1. Provide a single number: the residues in the stretch 110-126 that are buried (at least 21 other Cβ atoms within 10 Å of the Cβ) and of a type in the set (Ser, Thr, Tyr).
2. Just wondering, is there one or more residues in the stretch 54-72 that are under 30 Å from Gly218 (Cβ atoms) and among the basic types (Lys, Arg)?
3. Suppose we filter the stretch 127-175 for residues that are more than 30 Å from Ser19 (Cβ to Cβ), among the aliphatic types (A, V, I, L, M) and open to solvent by less than 60 Å² (accessible area, probe 1.4 Å); how many remain?
4. Being among the hydrophobic types (A, V, I, L, M, F, W, C) and more than 17 Å from Cys117 (Cβ to Cβ) is the filter here, so list the residues in the stretch 57-84 that pass it.
5. Only one residue in Gly60, Gly113, Gly98, Gly109 is on the phi > 0 side of the Ramachandran plot and touching a Gly at 6+ places or on another chain (Cβ under 9 Å). Which one?
6. On the basis of being part of a strand (DSSP E or B), buried (at least 18 other Cβ atoms within 10 Å of the Cβ) and at negative phi, does Thr214 make the cut?
7. Filter the stretch 80-102 down to the residues that are open to solvent by 40 Å² or more (accessible area, probe 1.4 Å) and more than 21 Å from Phe51 (Cβ to Cβ) and list them by number.
8. Given the criterion in a loop (DSSP other than H, G, I, E, B) and modelled with pLDDT under 95, identify the matching residue among Thr193, Thr179.
Amino acid sequence: MHRKWSLLIFIALAAHTGSVSVTTPEKTVVGKSGSTVVLPCLYSTTVGNQFVVEWKFLPGNAQTSGWQQIYYFSDGTTYKPGSQAERLTAVSSPPTSGAASIQLTNIAGLDNGTYVCEVNNPPDFSGSGAGIIQLSVLVPPTSPTCQSNGNTITGQDATLSCSSTGNPPPVYSWSMVGTKSALLPGMMENQITGSLLLTNLSQPMSGTYRCTATNEMGQATCQVTISVSSAGAAAGAVAGAVIGVLLALILIAAILFYLLCYRKKREKSKNPDHPGNEIREDAVSPMMSDEHRTSRGSERSQESRGGRQNKPQVV
């Protein structure tokens, strides 16, 4: 009996087993920033209880391991876990009638990337159950950044750079503000990288330069000003800076020398050569009377004369 029921279940599953076929009519969808686009996904299968529709998104600058789930339908319930949830809706709700297309509103540059539509309907495992679509959002150039690189000295070379982002990537053009001609001789621009090379600088090259970044969605500009100086002026500025540093060092040395001498002078005044508390052998006590002082002086005088008288004569 058990074998009989197992055989019947197998026959039923085999009779139900089919294939899932998913197609994406458009492999690439292009839309302007701020507009609404539809990512088409069509499928053919007999929807069962385990029918599942899933959309995944890989941002344009992400690695292949950075897939994000943005839409999921299963058992009559829709889930939108991605950051695009508020702008994402299913074209057919529920998506059980052969179309699993989604719609994105107010698209922006962050929506650029690869989208995958997957349909699973067990036990239909054979066939192609996934379709891939590329979304390209057209974005006007951002405000570029202009800057000058190199020494703007007569006879030298300098480079002006300009950088912006947009889709498609913008192209760049340079012009000198206030002149009739776009560029003077000795100026070479690169429309792809946005650089402007100024060779053999001269005084007429001083001024303001404007960079314009352009694509099919619009354009944006920035400006940078340079002043070309002569080599003599530059050398004078360097010499002035060196002299200023030397004067500062001399002043610091003079201050340190003065402080050192002042310190030695103070130490010498605290330790004189003849201290005032030295006791002499012939010193007389201030408490001795005048008669005693006179007598003491006479005795010392006699001792002195006696010493001279007793000194032997040399023959």
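The values are calculated or read from the model by the stated rules, or taken from the named source; none is laboratory data. In this text the structure is predicted, and so the values were computed from the model without any measurement. FYI the Cβ positions are ideal-geometry reconstructions off the backbone, even for glycines, and counts take in every protein chain you see. For the accessible areas, the whole protein counts, side chains as well, though only heavy atoms, and no ligand, DNA or RNA atoms are used. Shrake-Rupley method; radii C 1.70, N 1.55, O 1.52, S 1.80 Å.
1. 1
2. Checked against the condition, which is being under 30 Å from Gly218 (Cβ atoms) and among the basic types (Lys, Arg), the stretch 54-72 yields no hits at all.
3. The number of residues fulfilling the criteria is 6.
4. Within the stretch 57-84, Ala62 is the sole residue that qualifies.
5. Gly113
6. Considered against the rule, which asks whether it is part of a strand (DSSP E or B), buried (at least 18 other Cβ atoms within 10 Å of the Cβ) and at negative phi, Thr214 comes out as yes.
7. Within the stretch 80-102, Ser83, Glu86, Arg87 qualify.
8. Thr179
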